[in-house]
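The values are calculated or read from the model by the stated rules, or taken from the named source; none is laboratory data. A quick note: this is a predicted structure, and the numbers were derived from the prediction, not measured. Positions of Cβ are generated from backbone atoms using ideal geometry, with glycine treated the same way; all protein chains shown enter the neighbour counts. Heads up: the accessible areas ignore ligands, DNA and RNA and are worked out on the full protein's heavy atoms, side chains in. Shrake-Rupley method; radii C 1.70, N 1.55, O 1.52, S 1.80 Å.
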Amino acid sequence: MCGRNSLFIDQADLEARFDAEVVADGGYTPRYNIAPGEDLYIITNEASDEIDAYHWGLIPFWADEHEEGIINARSETAGEKRVFERAWESRPCLVLSSGFYEWKSPNGGSKQPYRIYREDDPAFAMAGLWDVWEGDDETISCVTILTTEPNDLMNSIHDRMPVVLPKDAESDWLSADSDTRKELCQPYPKDDLDAYEISTRVNNPGNDDPQVIEPLDHEQSGLGEFSSG
């Protein structure tokens, strides 16, 4: 599951990081709390030198009316699902991120949000699929984020995680065939992914400011129990 994202790197740094230019209508606005139904910044296989904004939620091509869409797709089975078949075969994209958010329910209690980010990279890419929904009087470019089994870091927070691509696999994701891309849909293999608790301000999508990513006054050095000493 990946139900909230952020991207707040400076535009010049973002374009330099991905060797691509922002072409989105309205330009680029740093975001700290992107919710489903809003726009995600992505790079598609058809324009690897452009950063565009697509509706977060892949709308089934057979839908008669615009709807929120499907925000996540299981990478293990996406190629077998009718709704993703076309996108899986030929429409991969990079979903750009400065960190995503996930919620954990310790001992069945209230959900605690976490920010998950990459220590060495202020912007990274998650694997996504894009498509274009065509209605009677509108056309919507839309995207879904692929998920996979959790790695060791995410395992204690949630039973799924987005497919976070190592930097050296980003171009392969866009250019490879579907079989090769499926092999890339693995739990993030490196140890530079980290997580810490944040406040429940992130629960409200209207809170879209730097305060969202501030750690609670106890930042975890790992994801184990806190010691009293």
Extension gain (nm, one decimal) between Glu183 and Ser105, 0.36 nm per residue minus Cα-Cα
25.0 nm
Taking max minus min of the Cα coordinates of the chain on each principal axis, largest first, gives extents in Å of 61, 35, 35
Give, rounded to the nearest 20 debye, the magnitude of the charge dipole that segment 1-107 has about its Cα centre when Lys and Arg contribute +1 at Cβ and Asp and Glu contribute -1 at Cβ.
560
3J(HN,Hα) from dihedral phi, segment 162-169, Karplus parametrisation 6.51/-1.76/1.60, rounded to Hz, x for glycine, proline
x, 6, 8, 8, x, 4, 6, 9
So for each of 174-184, 135-145 I average, over its residues, the number of other beta carbons within 10 Å; can you give me the resulting order with the highest mean first?
135-145, 174-184
Report ³J(HN,Hα) in whole Hz for each residue of segment 3-13, in order, from the Karplus equation J = 6.51 cos²θ - 1.76 cosθ + 1.60 where θ = phi - 60°; Gly and Pro get x.
x, 7, 9, 8, 7, 10, 5, 4, 4, 4, 5
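Could you sort 91-103, 160-172 so that the peptide with the highest average Cβ count within 10 Å comes first and the rest follow in order?
My ranking of the peptides, most packed first, is 91-103, 160-172.
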Accessible surface, per residue, of the chain when the full set of protein chains is kept, probe 1.4 Å, Å²:
48
Could you work out how much longer the chain between Ser171 and Asn207 gets when fully extended? Use 0.36 nm per residue separation minus the Cα distance between them, nm to one decimal.
9.6 nm
With charges only on Cβ, +1 for K and R and -1 for D and E, what is the dipole size of the chain about its Cα centre, in debye, rounded to 20?
840
In a shell of Cβ-Cβ distance under 12 Å around Val143, excluding Val143 itself, what net charge do Lys and Arg (+1) and Asp and Glu (-1) give?
-3
Residue separation between Asn151 and Trp62 times 0.36 nm, minus their alpha-carbon distance, gives in nm 28.6 nm
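I need to check one value: relative contact order of the chain, counting alpha carbon pairs closer than 8 Å and at least 6 residues apart, in percent.
21
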Whole-Hz ³J(HN,Hα) from phi, Karplus 6.51 cos²θ - 1.76 cosθ + 1.60, for segment 201-214, glycine and proline x
4, 5, 4, 9, x, x, 8, 10, 8, x, 4, 4, 8, 5
If you roll a 1.4 Å probe over segment 4-212 with all protein chains in place, what percent of the accessible area is carbon or sulfur?
40
Estimate the FRET efficiency between Asp49 and Gln112 by the formula 1/(1 + (r/R0)^6), using the beta-carbon distance for r and 45 Å for R0, to the nearest 0.05.
0.70
Summed over the other residues with a beta carbon less than 13 angstrom from that of Lys81, with K and R at +1 and D and E at -1, the charge totals -2
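Would you work out the relative contact order for segment 88-201, in percent, from Cα pairs under 8 angstrom that are 6 or more residues apart?
About 31 percent, as a whole number.
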